[in-house]
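J.: Before we start, here is the structure in question, set down as structure tokens.
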Amino acid sequence: MKVHIDENIANDFVICWGLIVRLPKYALFGKTREERRRNLEEKIMEILKEIPFSFERAKVSLASAWVRYYVFELELDGRKFALNILSPNSSIKSFKNLDFPDKGIARPVFLSEEFMLQEWIEGIPLSEFREGFILKQDERIEKCIT
């Protein structure tokens, strides 16, 4: 298996609403960029071994990160997935215990205690429709959440 892991996995920030947003220290996978990269690479390599279907090439990059979990864009032999990994000190203890709504979320392809694999949906992240904690008035929101 050939794996390419992007340098951005070690970022301690995300770009959201056109702004750079720093992640809180307690949600990071290490104090330094090198430590975060090493810890996340190890975790990602372990996860790739658990995925229940075969693939020859994997490409991973950071798509988003929040206090409770990180979202990586995972490409396996050209097929895209969202790989969600629980953050250190996450209030979510297991992805297996979450209730998923019937609409508005990509259904999980595979679940474990600490990660969830979902189909990758191309489009605008829901966070782009927010101004702080308020949803903007935008007709495209309904397409994302219904």
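The values are calculated or read from the model by the stated rules, or taken from the named source; none is laboratory data. Quantities reported herein were computed from a predicted structural model and do not represent experimental measurements. Here the Cβ is made from the backbone with ideal geometry for all residues, glycine too, and neighbour counts use every protein chain on show.
J.: Can you name the condition, by its number, that VAL60 falls short on among (1) over 13 Å from the mean Cα position of the chain (by Cα); (2) part of a strand (DSSP E or B); (3) at pLDDT 95 or above?
T.: Just one mismatch for VAL60, condition (1).
J.: Turning to a different aspect of this structure: Considering each residue of region 58-92, count those that are of a type outside the set (Gly, Ala, Ser) and farther than 17 Å from GLU119 by Cα, and give that number.
T.: Residues in region 58-92 being of a type outside the set (Gly, Ala, Ser) and farther than 17 Å from GLU119 by Cα: 7 in total.
J.: Among residues belonging to region 37-52 that are surrounded by fewer than 18 Cβ atoms within 10 Å (Cβ to Cβ) and either in contact (Cβ under 8 Å) with a residue 12 or more places away in the chain or part of a strand (DSSP E or B) (or both), point out the one that is farthest from the chain's Cα centre (by Cα). Full working, then the answer.
T.: Let us first name the residues in region 37-52 that are surrounded by fewer than 18 Cβ atoms within 10 Å (Cβ to Cβ), namely 38-39, 41-43, 45-46, 48-50, 52.
After this cut, where a residue has to be either in contact (Cβ under 8 Å) with a residue 12 or more places away in the chain or part of a strand (DSSP E or B) (or both) as well, the list is 41, 43, 45, 48, 50, 52.
On the way: GLU41: 14, LYS43: 13, MET45: 15, LEU48: 14, GLU50: 17, PRO52: 19 Å.
Taking the candidates together, the pick is PRO52.
J.: Restricting attention to region 1-32, and to residues there that are in a loop (DSSP other than H, G, I, E, B) and among the charged types (D, E, K, R), which single residue is farthest from the chain's Cα centre (by Cα)?
T.: At the first step, the residues of region 1-32 found to be in a loop (DSSP other than H, G, I, E, B) are 1, 6, 11-12, 17-18, 23-24, 28-32.
Imposing the further condition that a residue be among the charged types (D, E, K, R) reduces the set to 6, 12, 31.
Details: ASP6: 14, ASP12: 14, LYS31: 20 Å.
Step by step, filter region 1-32, then rank; the result is LYS31.
J.: Of the residues PHE100, PHE133, PHE115, which is among the hydrophobic types (A, V, I, L, M, F, W, C) and either in contact with a Leu (Cβ under 7 Å, 6 or more places away or on another chain) or modelled with pLDDT of 90 or more (or both)?
T.: Only one candidate qualifies: PHE115.
J.: Restricting to region 1-34, give me the number of residues that are over 19 Å from TRP66 (Cα atoms), at pLDDT 95 or above and surrounded by fewer than 18 Cβ atoms within 10 Å (Cβ to Cβ).
T.: Matching residues across region 1-34 total 4.
J.: Scan region 65-103 for residues that are outside any loop (DSSP other than H, G, I, E, B), small (Gly, Ala, Ser) and under 18 Å from HIS4 (Cα atoms) and jot them down.
T.: ALA82 - this is the single residue of region 65-103 that is outside any loop (DSSP other than H, G, I, E, B), small (Gly, Ala, Ser) and under 18 Å from HIS4 (Cα atoms).
J.: Another question about this same structure. Under 26 Å from ILE15 (Cβ atoms), of a type in the set (A, V, I, L, M, F, W, C) and in contact with a strand residue (DSSP E or B) (Cβ under 7 Å, 6 or more places away or on another chain): does that describe PHE110?
T.: Considered against the rule, which asks whether it is under 26 Å from ILE15 (Cβ atoms), of a type in the set (A, V, I, L, M, F, W, C) and in contact with a strand residue (DSSP E or B) (Cβ under 7 Å, 6 or more places away or on another chain), PHE110 comes out as no.
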